[in-house]
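Everything below concerns the one structure shown next.
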Amino acid sequence: MAAAAGGCLVGAGIRSSTRFPMSQNNLFSALRAAFPRDLDQTAVQTETGLCYSWRDLDRATAMLANLLQSLGLPAGSRIAAHVDKSVEAMLLYLATLRAGYVYLPLNVAYQSAELQYFFGTAEPAVLVCCPRDFGWASKLAFQAGTHYVFTLDDQRQGSLLERAAQHSDVHTVAARKADDLAAMVYTSGTTGRSKGAMLSHGNLLSNAKVLKDYWGWRTGDVLIHCLPIFHVHGLFVALHGALLNGSKMIWMARFDPKQVLAYLPQATVFMGVPTLYVRLLGEAGLTPQACAKMRLFVAGSAPLLLETFQEWTSRTGHTILERYGMSETVMLSSNPYAPDARHGDQFERRGGTVGFPLPGVQLRISSGEGKTCAVGEVGNIEVRGPNVFSGYWRMPEKTAEEFTDGGYFKTGDVGMVDARGYVSIVGRSKDLIISGGYNVYPAEIEGYINAMPGVAECALVGVPHPDFGEVGVAVVIAKPGAAPDANAIVKALKANLANFKIPKRCYVLPELPRNAMGKVQKNLLRQQYQNLFTA
Ligand code: MCA
Ligand code: AMP
């Protein structure tokens, strides 16, 4: 088991809870109920060799939940986490559920201007941040009305664990209703301002249960978890999948293709964004032998190129299962698991598609005028189901805009359904760049550049990139008489924005292409730069 160090909660020799009172509807209860009977089995093994048993997970989440509850926070309080990926960060998420509060994950790459906005709008009662960021992050949080700021690093140090170690490891899971909030996930907006998608215990649990069956999770499965835990893919899809199946996780703080290859022989399930598959394909060690024990490779969060899909099959003998989801809806559709080829081609995993709507999800292609498109016709993807969020945090008008009268959520994705029911995404009606699985909304970056001295206007477009799939290129127009410097613009952006949002190229040009109405023609810019990284 993990060695006791500093404020470490596990291995501290405290009596374990033997009794586990259930609380219906709290997602944590369902996850806890799936723990194996033998709590001393390994639940999480880190790449550095630490092992956490299921008992460790139970005790540590109890202690953290008791700490949170000892703070006397009002119901619905948000617990914000801006920390490096670690097992303890994952335990904080589970403890927040257990205590009945609302988890607010924040990408650790976010800079002060971004955090100031999140704190100002979400008003978290508690912030957990990295010790290195405590000075500035706690200042911002306190300004926004946060009462408690704890620290946590990726070496199990910090005030959070020190304080939690003083609490009991026996805890009764907080009773929650299915529609009570469990998490709030910020997703950027087309206007440049992020929106907090409110996800309930019911949204998350219903989706996790569906995926457990749909993807054939079984006894003995072992998941390689190498995705960040600030977003839906790593935090919900991967984590809930393993926990709800009582499956061991091989836990990696960051993605390293060589490390993944080294652990593949011990694993059965892998989940990644397309960039991870592209990088793994760059490794000579990726062979059918290395994948011999693997059962399932899942991809999502961004379009998986057909060539990546095909190359993966020829290199490994495994067919990637591509699925589609959003922060607002968790998972929406998936290619079939099809463990058995005898089902015929209706159950094959088809590259370039995102499969069928998941059980319980109603997905339709709308023409935009209230009409449903015919088979094979391209239109707007709209969805309804128990997984769909209740709305954006304190944005009732924005929420109303994004739902149809019939309660369908407008995804902003453009796609079609073929005669056999496979869904394909062919584009987006929202101005969004997905880079290495992270979303970049041009309006946000354009807002920053437009406010810089000497800049008249700018446009950010996404262009193909062999590693990240898509990256941003900025085109800047100078004010008369001014000469803004492209390098200085990028440097200034780096000071304010998360690294993945920084344009990979920036050009200062005399003018932007416009149509007769004077609207910037981003499609022409995309065309102009389409071979910048791929030629
Ligand atoms: C890092 N950089 C990036 C990205 N990541 N630039 C663009 N896009 C990115 N995604 C920057 C770095 O800051 C650095 O810049 C330079 O690119 C090279 O970094 P590198 O060392 O190669 O990056 P890395 O640290 O290896 O990270 C790449 C990564 C990471 C492993 C692909 O981006 C990642 O973990 N992506 C997964 C994101 C994810 O989990 N998405 C799921 C969202 P410089 O040299 O200037 O410092 S959930 C979702 O979308 C929905 C709901 C769903 O369907 O799942
Ligand atoms: P997010 O805002 O991070 O929740 O990202 C959601 C968006 O990611 C969706 O609206 C899609 O545009 C995109 N997305 C997720 N999965 C896929 C996929 N398999 N193929 C193409 N796009 C995807």
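Could you run through the range 380-409 and say how many residues are touching a Phe, Trp or Tyr at 6+ places or on another chain (Cβ under 7 Å) and either part of a strand (DSSP E or B) or of a type in the set (S, T, N, Q) (or both)? Final tally of qualifying residues: 6. A residue that is more than 14 Å from ligand 2 (Cβ to nearest atom), in contact with a Ser or Thr (Cβ under 7 Å, 6 or more places away or on another chain), more than 18 Å from THR96 (Cα to Cα) and acidic (Asp, Glu) occurs somewhere in the range 216-224.
Among the residues here, ASP413 does not qualify as of a type in the set (Asp, Glu), away from ligand 1 (no atom under 16 Å from the Cβ) and at pLDDT 95 or above.
This table checks each residue for (1) away from ligand 2 (no atom under 16 Å from the Cβ); (2) touching a Pro at 6+ places or on another chain (Cβ under 9 Å); (3) more than 24 Å from GLY325 (Cβ to Cβ); (4) charged (D, E, K, R).
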{"site": "ILE433", "(1), (2), (3), (4)": "no, yes, no, no"}
{"site": "GLY437", "(1), (2), (3), (4)": "no, yes, no, no"}
{"site": "ALA443", "(1), (2), (3), (4)": "no, no, no, no"}
{"site": "GLU446", "(1), (2), (3), (4)": "yes, no, yes, yes"}
{"site": "PRO453", "(1), (2), (3), (4)": "yes, yes, yes, no"}
{"site": "ALA456", "(1), (2), (3), (4)": "yes, yes, yes, no"}
{"site": "VAL463", "(1), (2), (3), (4)": "yes, no, yes, no"}
{"site": "ASP467", "(1), (2), (3), (4)": "yes, no, no, yes"}
{"site": "VAL471", "(1), (2), (3), (4)": "no, yes, no, no"}
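Counting only helices (runs of 4 or more DSSP H) that fall entirely inside the range 434-533 and contain at least 2 residues that are surrounded by 20 or more Cβ atoms within 10 Å (Cβ to Cβ), the qualifying elements are 442-450, 486-496.
Here LEU152 passes the criteria (1) of a type in the set (A, V, I, L, M); (2) in contact (Cβ under 8 Å) with a residue 60 or more places away in the chain; (3) under 29 Å from GLN24 (Cα atoms) except the one numbered (3). Exactly one residue out of LEU140, LEU160, LEU205 is touching a Gly at 6+ places or on another chain (Cβ under 8 Å), of a type in the set (A, V, I, L, M) and either farther than 25 Å from ASN26 by Cα or assigned to a helix (DSSP H, G or I) (or both): that is LEU160.
Taking the range 216-328 as the region of interest, the strands (runs of 3 or more DSSP E) fully inside it that hold 1 or more residues being farther than 17 Å from THR353 by Cβ, out of contact with any Asp or Glu (no Cβ under 9 Å at 6 or more places or on another chain) and more than 16 Å from ligand 1 (Cβ to nearest atom) are 222-225.
The values are calculated or read from the model by the stated rules, or taken from the named source; none is laboratory data. All figures in this text were calculated on a predicted structure; none of them were measured in a lab. Reconstructed Cβ throughout: ideal geometry from the backbone, glycine too, with neighbour counts over all protein chains shown.
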